Every structure is written in C-alpha cells, then in structure tokens.
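All remarks here apply to the structure that follows.
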Amino acid sequence: MFRTPIRRMATAARQSLKIGLIPADGIGKEVIPAARRVLEAIGSDIPKPEFVPLLAGWEVFVRSGTALPEETVEALRECDGALFGAVSSPSRRVTGYSSPIVALRKELDLYANVRPVISVAANPEEKPAVDLVVVRENTECLYVKQEQLVPTENGKEARATRLITERASRRIGKMAFEIALGRPRKVWLPSSLPRIIVVEILNLFARKIQQVTIIHKSNVLSVTDGLFRETIRQVPADANGRYDSVKLEEQIVDSAVYRLFREPQIYDVMVAPNLYGDIISDAAAALVGSLGLVPSVNAGDKFIMGEPVHGSAPDIEGKGIANPIAAIRSAALMIRHMGYTNGADRIDRAVDQVVREGQVLTPDLGGKSSTDDVLNAVLKKL
Ligand code: NAI
Ligand code: MG
C-alpha cells in the first residue's frame, strides 16, 4: 500500500506507543475494542501499546453538555496516536452540539483524511479491481459550519459559507503527491511467468503511472474550486522535480463519480475538497462491498488518528454484528503511517485472508458471523 509514512515515529529507542481510544457512539463502541485487541496481538512489530480510553460523542453530550470534553483533547496531546470510532450526530440542529470529530480534526490540525479503498481479489495473485486512495481535505470547505438562517419576505433563507484557502489546498495537494509517490504500482502477473525479470522491467514502467486526480467543480464554482484546482496544479511545479514521476489529472466531481462506478481502475490517488471527498469515499466503499471494510486516517504533521469511514450505524447498534474490519484496518493504517510497516502488513494480510476465504463474514458482506467471530478469525491468522 504506502511505503512512505506520513509521520515517522518508528525508532529503535521507542519502548511504548501511547494510543488514545475514543470509541464514541453506536458501533464505535463495538469495533474500536476489536482494533485494540489486534494491536495487542501483533507483539514486537510495534512498541508495547499503552491505551488511554477517552470520551467524546453524542452520548457524552447528552450526559454532560459537551461532545468533546477538554480533558479528551488535552490527553490526546500526550498520545502518539489515536483511534476514533464514530459519532451519532443528529441531522437536526441541537443547541450547543457540534460534531466532535470535525472539531478534533481542526483542534489537532489533522488536515488530511486519507482513505484507501481496495478490493480483496478472490486470488492473491490477481490484481484487485479497485485500488485507490481518496485524500480528502479535512479542515475547510462547507465543514467550517458557518451557516445562517435569514428571514426574508419569501420565507426563510439558509446560507452557508464555503471556505477554500491556498494554504490548505497546497498542503493537501502535497500530501496527495507524497502518497502517490509512496505507492509503487505493483505489477500483477499470472504466476506461471518468470516473475523476477518481468516484474522488474514492468515495475520501471509501472512507476510512471502513479497518478493524482484533482476532483473539483470549477466549471461552476470557479472561485472556490478554482483556487483548489489551481493551487494543486502548482504543487509539482514548485517541487524541484520531486513529483516528476506522478501524472497529474483532473476530473469534475459528477463525472468523476460516474467514472468511479464504471472504471474504478483508472484512479490512483484522488484529491478532493472536504465534502466531495466525504461523498466519493463512501461511494467507493460500495464498490468494494461494504462501508464496514474501509479504513481511514486523519493525518497532520504532528498527529495521526485512525478512524473507520463508516458512521455509528444505529440500525445495527448493540446487535454484535458490526463489521470490525474497517476499524482493524484503520489501526493498521495508523501504525503504517507511523512507520511500522511490518505490523501493518501483517494485519492487512490477516484481514485479506479472512475476507478471501469468506467463511467468517458479518451480515453486511452476506455472512452470518458476529463482530467477535470476525475478530477471532483475524487474530487466528495473525
Ligand atoms: P453509517 O455509516 O453509520 O451507516 C450506513 C449504512 O452502512 C448502515 O446501513 C449501516 O448499518 C451500514 N454500516 C456502516 N458501518 C458498518 C459496519 N462496520 N458493519 C456493518 N454495517 C455497517 O451512516 P448513517 O446511517 O448515515 O449515519 C449514522 C450516524 O453516524 C449519523 O448520526 C451520522 O451523523 C454518523 N456518522 C458519523 C461519522 C463519523 O463519526 N465520522 C461518519 C458518518 C456518519
Ligand atoms: Mg462520510
């Protein structure tokens, strides 16, 4: 997957890894403990993990009047990383409530939401049908939440501010190029070919197809999306040739979704403003079978937080059937981006085997197994 950690922390001297755990609401409370068990099980591939349970979310808001207690933010500043479950944000406006995950991304300046979407091929020798990364800007766009309700003579008028800055666009653009660079394209060949030579030759060419696609709608929103697009187009020009091997493409968001469903293999790294990135990654999750499979990390220059892409899934909460794989993969992605590649590879391989064998699957993937069954199957493969 990625070979270049976003935030390298792996050093021989490090004795332990302090991980904040914020299960938050709904199935977050069912899948984050599973991710914890997997991190505990990988042994010496990471320094001894020390877990710090922390509160945030809707339930905490109902109990205490705040969705993100100050102690949680303070404790996170002392941690090396964190895992967040999901929060049950209401769809109506609730006075005093604000989504803690959106706040945490801003508070810790976790400006990139990195979401790899990869299908598990039936046969490990085959190329996965979908293998892309959505790099979503995480701090601005419509998520600055500056909304107003204005009474007019024709009834209420709702307005929202959409913020796009050059600074945020440049840093998310850089992140997308770095991630593309860290993804040497694997070449998949039938196992009968003399692999070593052919693979090496093809890899030379394959490296040339690392690609970043800017997702925008600057045909309509020429000022905001225009700035996003222009700024990212400038990133390789300012990089002294560092990104010469990465092809730069762009695509208008609606047709990007169309092409994503018809020919997902054309995408490598998709970089998008906050809202488009949110929607595209959920859509891409459908292509690989379930939201319950897709991980993410919220990454900044100083902190990294794993978080499954899915929400709190109130429809299945408390039934013990939530798919823990997205959370487990998010833990793997977090340690991968800290530099613990071996541990992350082991977890991903174990999960791939369980999915590929298809014997122990939760109902979202057509199975009958429970969260614990899937966790135990993954632990066994480790
Ligand atoms: P959702 O992602 O919670 O669920 C969508 C559908 O996918 C549901 O049918 C659910 O059962 C299924 N699903 C999701 N994760 C699954 C898993 N691990 N295993 C099996 N099935 C899974 O989105 P929804 O229903 O729109 O939102 C529910 C709540 O979650 C809302 O309050 C929303 O605000 C919140 N939410 C929170 C997010 C976060 O914390 N980052 C992200 C998205 C939504
Ligand atoms: Mg989403």
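Tabulated values for the structure
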item: Computed over the stretch 298-350, Kirkwood Rh from alpha-carbon pairs, angstrom; result: 12.2 Å
item: Two-site FRET efficiency, THR161 against ALA129, from Cβ-Cβ distance with R₀ of 35 Å, rounded to 0.05; result: 0.35
item: Calculated FRET efficiency for the pair ASP254/ASN154, C-beta based, R₀ 30 Å, to 0.05; result: 0.55
item: Extension reserve of the ARG77-LYS380 stretch, reckoned as 0.36 nm per residue once the Cα distance is removed; result: 105.7 nm
item: MRE, 222 nm, helices only [DSSP H, n ≥ 4, -39500 (n - 2.57), over the chain, to nearest 500]; result: -12000 deg cm²/dmol
item: Convex hull per residue volume in Å³, alpha carbons only, for the stretch 58-180; result: 191 Å³
item: Qualifying trypsin sites (Lys or Arg not before Pro) for the stretch 72-121 [loop in DSSP, other Cβ within 10 Å: at most 14]; result: ARG92, ARG93
item: Kirkwood hydrodynamic radius (C-alpha pairs) into Stokes-Einstein, the stretch 318-373, 20 °C and 1.002 mPa s, D in µm²/s; result: 181 µm²/s
item: For the chain: Kirkwood Rh in Å [reciprocal of mean 1/r, alpha carbons]; result: 21.5 Å
item: Amide H partners (placed H, <5 Å) of GLY85, local residues excluded; result: ILE22, ALA24
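Computed from the coordinates by the stated procedures, all read-outs in this text should not be read as laboratory data. Since the structure is predicted, the reported quantities are computational estimates derived from the model, not experimental observations. Glycine also receives a Cβ, built like all others from the backbone with ideal geometry; neighbour counts cover every protein chain displayed.
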